[in-house]
Structures are given as C-alpha cells and as structure tokens.
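Notes follow once the structure below has been shown.
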Amino acid sequence: MLKSRGFMFAASSLWVALILVIFVFRGGGAIPIEPRLEPSRLSPGHEAEALAARGDYEGAWALYHQAIQDAPENVALWYALGVTLSHLDQRKATEDVFQHVVRHGRPDSEEVQVARRWLVSAGALVPPVTFTIAAEPVRATGDKAVVTGKVAWGALDPNRPVPVAHILLAGQNGLAEGKRFKAHARLGESYRFERLPPGSYRLIGAAGGQRLWDLRLSVEDGRQVSLDLGRENSNTPTVALNR
C-alpha cells in the first residue's frame, strides 16, 4: 500500500514537472532570472576620468580626491584634478593643485609643462627676468650694449590675472648674428637685456598666446637702446588682453 502511494506521488511530481517545461517552452510564461550585480571594476581614478569625459566635473572632482587619498604620489591624478577644478572655475584650488604638479612632477613631462603654462598665464607663477645667451661666448670688447623698455597694453582689468609678455631678441648680423636672448615681464612692468653684442636684432614679443610685436633694431657697443612695447608699435594692436 505504501509502495503504491509512493509510486503515485512520484508519477504526479513528474507530470507537474513536464507540464511546467511545456508551459515555459511554448511561451506560456518565462521564469525571470535575477541578474547578477557585478561590483564596479573601475578604480576611483578611472571612474573620475569617465565622468570628466562626459562633462560631469562635479562628480569627477570628488572621485579624483578619493583616488589621490589612495595614491598621493601619483602626479597624473593631481594633474587631472587640477584640470577638473579649472573647468569648475575654482581658480585658487586649481592654482594649489597645479603648484603641487610643478613641484613634484617630472620637469619635462606634459603635465608639468601644461600646469606651468596655466600658472604663468594666471599670474600665479611669474618667472624672473632671465637672459638666455648662446653657448658661444662673445668677445669681451663687444658685449656692452643694453636694450630696455616698458611693456604696456592699455588699461587692465584688476580682477583678472595680468598677462606676462615673452620677449625674444634674435641676432641678425654683426657680432649678434645667430645669438638669441629671452626675457619675460608682466604687462605694466619693464624688461631689460644686458651684455648684448652689437649688431642688428629682430625683436619678437607675445602675451596671452598672441604675437604682438615683430620689430627690427640695431645696437652699438656700449650704448643703451630704450624701446617701449605697446599698441602703437604692435603688429596686432586690436588684440584684447586681460579682458
């Protein structure tokens, strides 16, 4: 009797299973399978990069901060954070981050070069007035000339960074031929070249990413040439700077 009941129960279970299989395969109803939720495999830095690529700089900013907490020595993360902050118009925070990049990055790396250019254009990193003289020494009797002057471009907006003018003197002939000298000065300040060999020069000046001056001048040994740079002797006087 018990064997008969067990046989009937097994047969009934088999019929139920067959009916379910037929019901599913005929489209009578699909049994939903819950998807497995895979944890994100992206690191905070890569997630931040993806958000920044979509223009979500607010979200990227927080994730870059998190990534830097895990890898504070990673200059690339600091640079990416600086770029993100610049898109959020966080000027002081961008300046602090880019200063870190310049101090800790490899000097010849693209990150350091871009960060340095941003700092210079923002007036946060103004290189001292320097003079780069060609390796070939000039004769002691022919390096006493001076070229100096003031760089100006009209009224400046006090709420914006003051652009820096980059000035190049390229020797054309005489003892100056083939020699190059460079100087930098903020608009409104003076520049100065000293110990120049006599000869004719081409002066090229730029500021704010724009070439503003392309002039010719001659210097004599022991003489000083005063040459102010402004709109009146610019090749592109209509360029707007600091606006």
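The values are calculated or read from the model by the stated rules, or taken from the named source; none is laboratory data. Because the structure is a prediction, the values reported are computed rather than measured. Note that each Cβ is placed from the backbone with ideal geometry, even for glycine, and that neighbours are counted across all protein chains shown.
Observations
- Against the criterion of being surrounded by 14 or more Cβ atoms within 10 Å (Cβ to Cβ) and either under 31 Å from the mean Cα position of the chain (by Cα) or modelled with pLDDT of 90 or more (or both), residue 144 does not qualify.
- Evaluation of residue 174 against the conditions (1) over 13 Å from residue 147 (Cβ atoms); (2) at pLDDT 90 or above shows that the sole unmet condition is (2).
- Note on the range 177-243: no enclosed strands (runs of 3 or more DSSP E) hold 2 or more residues that are modelled with pLDDT under 90, among the β-branched types (Val, Ile, Thr) and crowded, with 18+ Cβ neighbours inside 10 Å.
- Tally of residues being over 27 Å from residue 159 (Cα atoms) and touching a helix residue (DSSP H, G or I) at 6+ places or on another chain (Cβ under 9 Å) across the range 218-243: 2
- Taking helices (runs of 4 or more DSSP H) as the structural unit, those lying wholly within the range 1-120 and holding at least 3 residues that are loosely packed, with under 13 Cβ neighbours inside 10 Å and modelled with pLDDT under 55 correspond to 2-25.
- Top-ranked residue of the range 153-166 - restricted to ones that are over 22 Å from the mean Cα position of the chain (by Cα) and buried (at least 17 other Cβ atoms within 10 Å of the Cβ), ranked as nearest to residue 89 (Cα to Cα): 156
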